[in-house]
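Each remark here refers to the structure printed beneath this line.
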Amino acid sequence: MKQSFYNLNFNELENLLVENELNSTAASLLYNWHYKKKNFSPCTHNISKKTLNFIEDRLDFKLPEIDTVHESSDSTVKFLFKLEDGSKVETVLIPFNNKYSICLSSQVGCAMKCSFCFTGTQGLKRNLSTSEIVGQFLQSWKWLADNRGEDKRILNIVFMGQGEPLHNFDAVKSACNIFLSKNGTSVGNQKITISTSGYLPGLKRWKEEIPGVNLALSLHSPFAEKRNELIPINKKFKLEEVLSYIDDIPLSKKQFITYEYLLIKDFNDSEVDARKTGELLKGKEAYINLIPFNPFPGTEYQRPTDSVVNNFKDILSEYKIPTLIRMTKGDDVLAACGQLNSKD
Ligand code: SF4
């Protein structure tokens, strides 16, 4: 049975070739062809007949297909990808300064059931494979090149789409290895961010196994009761435990931790909430992203007014914590944070 080329990190590919008594230099050629040059056609240059036969017999180069594309008025692009088993996941390209960040999905649905999240309403269907994660990146890149010109590039990768990435650790780690590989896409580790709801078993592995990659923690409230409602796994992996674990992580020079705070009208947007958040994070190597909630069909939560959002930011600045209000992009195609749901 064939295995997907896109599931193999560079070392695994080299080992596979060596185990089959083939020259391991073909690994560099294949990585260069498919990841650096982003060719989708088979690589035949400088590869021996014997290796080509092996590749044809043993490797499969299928990628998830783009099912639909929605382009927002602010240039955000939302893709719905169709996977081999018919499942669908979403990927979003978010424009900034004529470049793009890509928001990747890591699971079909999600087990975390965050109450503010459209995806959470689906429950977990299954984990994505490495090739299904890497495939979102490659297909999105190709679409950009074909539709918006060669100069449009994806500079940042964020695991903030459907799924809790640290709950599908092995595939996400392997995809990061491929993105980071100097032989492949060669994305710098400061350009990759993994966003987590606070799934502690995965956080512990992240520290040991994917060093240097940035982390974003969904904070959303400093109060246990409110956070329990928003992120039910807070009952199991308590915020204090998660924060104290993060505090002990030695960060490299350009590495940073971002705390995401979704602002919901009359729920977690008061002065008391802001001051408690400031107390909790002051003195830490922290950035805060404030995200005004984006209502989706069926939710009771509402978006606060701009003046409430600005006031929250002003209070945090008293605690000397760098805070950004994240401009919501792609609202008109439901591509904003917490709005992804691949149900038709
Ligand atoms: S916010 Fe993230 S972790 Fe929570 S249910 Fe949605 S996809 Fe899962």
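The values are calculated or read from the model by the stated rules, or taken from the named source; none is laboratory data. Computed from a predicted model, the values in this text were never measured in an experiment. Because the Cβ atoms are built from the backbone with ideal geometry, glycine has one as well, and the counts that use them run over all protein chains shown.
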Of the conditions (1) more than 30 Å from PHE293 (Cβ to Cβ); (2) surrounded by 17 or more Cβ atoms within 10 Å (Cβ to Cβ), ILE102 satisfies every one except a single condition; which number is it?
(1)
So SER307 ticks every box in (1) at pLDDT below 95; (2) surrounded by fewer than 16 Cβ atoms within 10 Å (Cβ to Cβ) but one. Which box is left unticked?
(1)
Lone qualifier among SER195, SER174, SER181 - being within 15 Å of GLN136 (Cα to Cα) and of a type in the set (S, T, N, Q)
SER174
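Is it the case, given these coordinates, that LYS207 is over 12 Å from the mean Cα position of the chain (by Cα), basic (Lys, Arg) and surrounded by fewer than 21 Cβ atoms within 10 Å (Cβ to Cβ)? Show your work before the answer.
Numbers: over 12 Å from the mean Cα position of the chain (by Cα): yes; basic (Lys, Arg): yes; surrounded by fewer than 21 Cβ atoms within 10 Å (Cβ to Cβ): yes.
Criteria met by LYS207.
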Look through segment 114-142, keep the residues that are surrounded by fewer than 22 Cβ atoms within 10 Å (Cβ to Cβ) and within 21 Å of ASP170 (Cα to Cα), and return whichever of them is modelled with the lowest pLDDT.
GLY123
Residue that is among the aromatic types (Phe, Trp, Tyr) and either within 30 Å of ASP170 (Cβ to Cβ) or touching a Cys at 6+ places or on another chain (Cβ under 6 Å) (or both), where the choices are TYR261, TYR301:
TYR261
Filter result (within 9 Å of the ligand (Cβ to nearest atom) and among the charged types (D, E, K, R)) within segment 103-139
LYS113
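One line per residue, one yes/no per condition, for (1) in contact (Cβ under 8 Å) with a residue 40 or more places away in the chain; (2) in a strand (DSSP E or B); (3) under 20 Å from ALA224 (Cα atoms):
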{"site": "TYR261", "(1), (2), (3)": "yes, yes, yes"}
{"site": "ASP269", "(1), (2), (3)": "yes, no, yes"}
{"site": "VAL272", "(1), (2), (3)": "no, no, yes"}
{"site": "THR277", "(1), (2), (3)": "yes, no, yes"}
{"site": "ASN294", "(1), (2), (3)": "yes, no, no"}
{"site": "GLN302", "(1), (2), (3)": "no, no, no"}
Among the residues of segment 184-198, what is the count of those that are more than 16 Å from the ligand (Cβ to nearest atom), polar (S, T, N, Q) and crowded, with 19+ Cβ neighbours inside 10 Å?
1
Right, GLU90: closer than 24 Å to CYS176 by Cβ, part of a loop (DSSP other than H, G, I, E, B) and within 31 Å of the chain's Cα centre (by Cα) or not?
no
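On the given criteria, is ILE249 under 19 Å from LYS313 (Cβ atoms) and surrounded by fewer than 20 Cβ atoms within 10 Å (Cβ to Cβ)? Step through it out loud before you land on a result.
Numbers: under 19 Å from LYS313 (Cβ atoms): no; surrounded by fewer than 20 Cβ atoms within 10 Å (Cβ to Cβ): yes.
No; evaluated as a whole, the condition is false for this residue.
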For LEU63, indicate whether it is surrounded by 16 or more Cβ atoms within 10 Å (Cβ to Cβ) and in a loop (DSSP other than H, G, I, E, B).
yes
Just to check your reading of the model, which residue among PHE159, PHE179 is away from the ligand (no atom under 16 Å from the Cβ), aromatic (Phe, Trp, Tyr), without any contact (Cβ under 8 Å) to a residue 60 or more places away in the chain and in contact with a Ser or Thr (Cβ under 7 Å, 6 or more places away or on another chain)?
PHE179
Considering residues of segment 199-213 that are within 16 Å of the ligand (Cβ to nearest atom) and in contact (Cβ under 8 Å) with a residue 40 or more places away in the chain only, the residue nearest to SER87 (Cα to Cα)
TYR199
Would you check which residues across segment 67-89 are crowded, with 18+ Cβ neighbours inside 10 Å and within 11 Å of SER140 (Cβ to Cβ) and list them?
VAL77, LYS78, PHE79, PHE81
Enumeration of residues in segment 254-281 that are farther than 23 Å from GLY212 by Cα and surrounded by fewer than 18 Cβ atoms within 10 Å (Cβ to Cβ):
LYS265, ASP266, SER270, GLU271, VAL272, ARG275, LYS276, GLU279
Answer yes or no: is there a residue in segment 148-156 that is in contact (Cβ under 8 Å) with a residue 40 or more places away in the chain, more than 18 Å from ILE66 (Cα to Cα) and either within 16 Å of the ligand (Cβ to nearest atom) or within 16 Å of the chain's Cα centre (by Cα) (or both).
yes
